[in-house]
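All of the numbers you see were taken from the coordinates with simple rules; none came from a lab. The shown structure was predicted, so the numbers you read here are calculated from the model rather than taken from an experiment. No Cβ is skipped: glycine too gets one built from the backbone with ideal geometry, and neighbour counts run over all protein chains shown.
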Amino acid sequence: METSVSREKSVRAFERARQLIPGGVNSPARAFGAVGGVPLFIDHASGQHLYDVDGNRYLDYIGSWGPMILGHAHPEVLAAIAEAASKGTSFGAPTERESHLAELILAAVPSMERVRLVSSGTEATMSAIRVARGATGRSKIIKFAGCYHGHVDSLLVSAGSAAATLGVPDSPGVTAGTSQDTIVLNYNDVAALENVFAEHPHTIAAVILEPVVGNMGTVIPTPSFLQALRTLTKSDGAVLIFDEVMTGFRVAYGGAQSLFGIDPDITTLGKIVGGGMPLAAYGGKASIMDNVMPAGKVYQAGTLAGNPLATAAGAKTLELLRDNPPYDHLEKICSTLGQGLQSAAKAHGIPTQLQRVGSMMTLFFNESPVIDWPSADRSDRKRFARYFWSLIDQGIYMPCSQFEALFVSATHTMSDIEQTIDAASRFFQTET
Ligand SMILES: *Cc1c(COP(=O)(O)O)cnc(C)c1O
């Protein structure tokens, strides 16, 4: 089964990077910490393929952790970036490109009446929390264990074992003072949510969640959870924030809120909205967003915000998705992949939970459905690490953790899917 591929140049590149950059990477997940071993250093990418510095080709199921829904190096996106670059790369002054992208976003996500462009998903969620607090004059926020909202201090908090714990920071450097206003609950736990609102009436500024979770692996909200979120926040006067940095333009053009028919008060976007460039956004009801400076008093700014190259890439990506929607194709190939992987595992007696919405999906090595962080945490990480490396050896680049969603792009073909299922079957056979 093992194709003895050389990864020598990646090994050397990692040794060099580790002398220069903490852990050798500029974002921790890239270091392959959850599966062990040396990360692949990438030379270039095209369509559904990544090429490492040793010249190996991989079928890519990460897509830069979400943005590359059209595949890598899409010719029209590249042309839009080049055209923008030829006119200068940053002005620090308003451009019509920003309004063009804002129009595309507001048309796609009708709950957003105003939008502010920023440079990363972290900035978007941080700013959304700030404007929610500024608009309500309240301090406390509710987040859910296992949901990731970027490395914002007040959001780098997860649950202890109790259903509702007052936040304890996940990271040194986040002070207890910062996290004490963060309440952490389990995802899909309606009773806990009701209790918090009953115990702290009119003190919660915002509830933030991933409306389909990608960051503990793919976890789907129950209809009663979504309904409770909307009803409780509305009657209490708290701001409901859908963090659609991953799901926006991914699970549907209008994001998870369009699938579920729920209008949040604020939405955060990132990843796809920047077309592979550093761009993200937050926006929502005008009555909330008009608190943002200079319309209002909540300060938020960015030297490179609304950058012309990034807005060009984002706008072209959204136009292509709007005018030639790949979502039916994505649904078809990703459901075929999911069913194929799950039945191959079953054929070898390996218990799995396949959880998918559109083109984001996780195969959990788990005996029972994953509905929240405690159930995700029962997955077999060791088996996942073996699965990951077996697929790498067979030229398939899956997310390097059990708790990350995989993504399919518009450039993946049915034969790619068949090849992936065959490779996974060969692995499952070795597990029995
Ligand atoms: C990726 C992600 C973020 C953080 O975005 P960055 O651009 O990495 O700062 C926030 N929220 C969700 C749901 C994400 O998936």
Cα-based shape type of the chain, given that a ≥ b ≥ c are square roots of the gyration tensor eigenvalues and the cut on a/c is 1.5: oblate
Whole-Å semi-axes of region 90-207's equivalent ellipsoid (Cα gyration tensor): 31, 17, 13
Protection proxy ranking, peptides 177-189, 102-114, 267-279, average beta carbon neighbours within 10 Å, highest first: 267-279, 177-189, 102-114
Separation between Cα centres of region 363-432 and region 1-41, rounded to whole Å: 20 Å
Kirkwood Rh, Cα atoms: Rg over Rh of region 273-432: 1.09
Computed log₁₀ I(q)/I(0) - Debye formula, equal Cα scatterers, no solvent, region 185-291, q 0.11, 0.13, 0.23 Å⁻¹: -0.34, -0.48, -1.33
Relative contact order (percent, whole number), region 243-395, Cα cutoff 8 Å, 6+ residue spacing: 16 percent
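Could you tell me the calculated FRET efficiency between Thr89 and Thr430, based on Cβ-Cβ distance and R0 = 45 angstrom, to the nearest 0.05?
Calculated transfer efficiency: 0.35.
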Region 58-118: projected area of the alpha-carbon convex hull, averaged over directions, in nm²: 5.9 nm²
Beta bridges per DSSP with both ends in region 75-323, % antiparallel, nearest 5: 45 percent
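Can you show me the helix-derived [θ] at 222 nm for the chain, built from DSSP H runs with n ≥ 4 at -39,500 (n - 2.57) apiece and divided by the number of residues, rounded to the nearest 500. Mind showing how you got there, number by number?
Details: 14 runs with 162 residues, N = 432.
Mean residue ellipticity, 222 nm, calculated: -11500 deg cm²/dmol.
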Separation between Cα centres of region 98-148 and region 279-333, rounded to whole Å: 10 Å
Among beta bridges that DSSP assigns inside region 141-272, antiparallel share in %, nearest 5: 25 percent
Mean shadow area of region 75-323 over all directions, Cα convex hull, nm²: 13.2 nm²
Relative frequency of Cα-Cα separations exceeding 23 Å in region 334-428, percent: 15 percent
Lys pairs under 17 Å by Cα in the chain, provided they are eight or more residues apart or on distinct chains: 6
Kirkwood Rh, angstrom, region 230-344 [1 / mean 1/r, Cα pairs]: 16.3 Å
Alpha-carbon radius of gyration plus Dmax, which is the widest Cα pair, for region 1-81 in Å: 14.0, 42
